1. Using a Förster distance of 30 Å, how high is the FRET efficiency between SER79 and ASP176, based on the Cβ-Cβ distance and rounded to 0.05?
2. Once you treat every alpha carbon in region 90-157 as an equal point and sum by Debye, what is log10 I(q)/I(0) at q = 0.26, 0.28 Å⁻¹?
3. Quick one: divide the alpha-carbon radius of gyration of region 24-160 by 2.2 N^0.38 Å and tell me what you get.
4. According to the square roots a ≥ b ≥ c of the eigenvalues of the Cα gyration tensor, what is the shape class of region 129-277, taking rounded for a/c under 1.5, prolate for a/b larger than b/c otherwise, and oblate for the remainder?
5. How far apart, in nanometres, would the label points at PHE88 and THR204 be if each is projected 7 angstrom from Cα along the Cα-to-Cβ direction?
6. Can you tally the net charge around ASN161? Count Lys and Arg as +1, Asp and Glu as -1, for every other residue whose Cβ sits under 15 Å from the Cβ of ASN161.
7. Return the Rg/Rh ratio of the chain with Cα-based radii and a Kirkwood Rh.
8. Go ahead and run the numbers for FRET between ARG62 and GLU115, Cβ-Cβ distance against an R0 of 25 Å, rounding to 0.05.
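No value in this document is a laboratory result; all are computed from the given coordinates. Values in this document were obtained by computation on a predicted structure and should not be read as measured data. Every residue, glycine among them, receives a Cβ derived from its backbone with ideal geometry; neighbour counts consider all protein chains shown.
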Amino acid sequence: MKRFLLFLGLASILSAQTFVPNISIEGQNLNPQEQRILSELQSTVERYILSNSFSNERYNLRVPYYINIFVNQISRSGSNLSISANAFFSNGYDQRYVDNTWIFEFAEGEVFYREMRYHSLRDMIDYYGYLIMATEMDGIEELGGNSLFDLANEIYARGSNSQWSRGWNSRKDDFDKLTGDFRLRRARFLYNQAFWAIDDGDGTAGWYHLEEALRLLLESKRLDPQNKFLNFFIEKHYQDIEYFAQVYQDISLLPLYRDLSPSNEDFFDRVERTYNY
């Protein structure tokens with residue numbers, strides 16, 4: 001079963017949480033010079049991610065950071081390129097963020113470093129990086145991502161007051177939905193606790209954590225059935241019932257999974273036939 005992050009364990013000394021970048025940049029009808037510049041842009045983004053921390057440095061983790069950029073338009077102003085793009089930011093598993101209003105500048109030979117002045121490219125990499133890492137931390141400690149969400153919110157404040165303010169209102173709406181759904185955030189933590197308890201041989205605790213997580217997810221869905229972050233999490237985890245049914249030889253929690261993901265009745269029916277002892 002694929003896990004949501006690569007957990008290397010609690011560090012004996014403070015050590016930075018590390019993203020493993022996977023960057024792709026695509027565009028249509030690009031001339032050779034533009035293709036070369038976008039190739040340089042990809043390398044620059046990868047180097048930036050590898051050389052900077054996106055964490056509070058309490059754990060030693062390696063978390064995938066996927067960025068897929070689809071260039072719509074490129075215009076030149078002096079030595080700078082202005083790039084309009086759609087982008088997907090993801091951990092490659094149960095987190096996905098879509099941005100369709102991104103415009104940023106890039107200059108050949110540019111080197112990124114962190115500073116308080118808003119940067120239309122670097123700060124978006126940081127913003128979504130903090131969201132992804134904060135949510136991973138929510139899965140390790142209850143509401144453990146708060147400090148990283150605060151850093152993302154600081155970027156919102158700078159971006160919304162800059163000349164690159166387009167899109168920040170909708171990003172803030174998504175931010176508030178993500179951070180304000182405490183049921184989903186707590187469910188992530190308990191869901192992981194269920195896996196770890198089973199790994200440690202404590203099946204009773206694992207069952208308790210799993211049931212509580214599922215009930216929190218159901219309550220979150222009842223309150224906001226259109227929550228895209230919740231629904232994406234459910235879509236990536238509904239098949240976990242097969243693992244739990246195999247471990248426990250019990251399908252008592254199957255009805256909760258059915259309620260969470262009613263469009264997957266065929267899958268749940270198969271699980272019920274297989275593990276209905």
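1. Values: r = 37 Å, r/R0 = 1.25.
The value I calculate is 0.20.
2. -1.20, -1.27
3. Details: Rg = 15.4 Å, N = 137, 2.2 N^0.38 = 14.3 Å.
Normalised Cα radius of gyration, region 24-160: 1.08.
4. Working: a/c = 3.24, a/b = 1.94, b/c = 1.67.
Judged from the Cα gyration tensor, region 129-277 comes out prolate (a/c at least 1.5, a/b above b/c).
5. So the two model labels end up 4.4 nm from each other.
6. On the way: positive: ARG117, ARG158, ARG166, ARG171, LYS172; negative: ASP123, GLU154.
Residues close to ASN161 contribute a combined charge of +3.
7. Details: Rg = 20.7 Å, Rh = 20.3 Å.
Radius of gyration relative to Kirkwood radius: 1.02.
8. Details: r = 27 Å, r/R0 = 1.06.
In this case the efficiency is close to 0.40.
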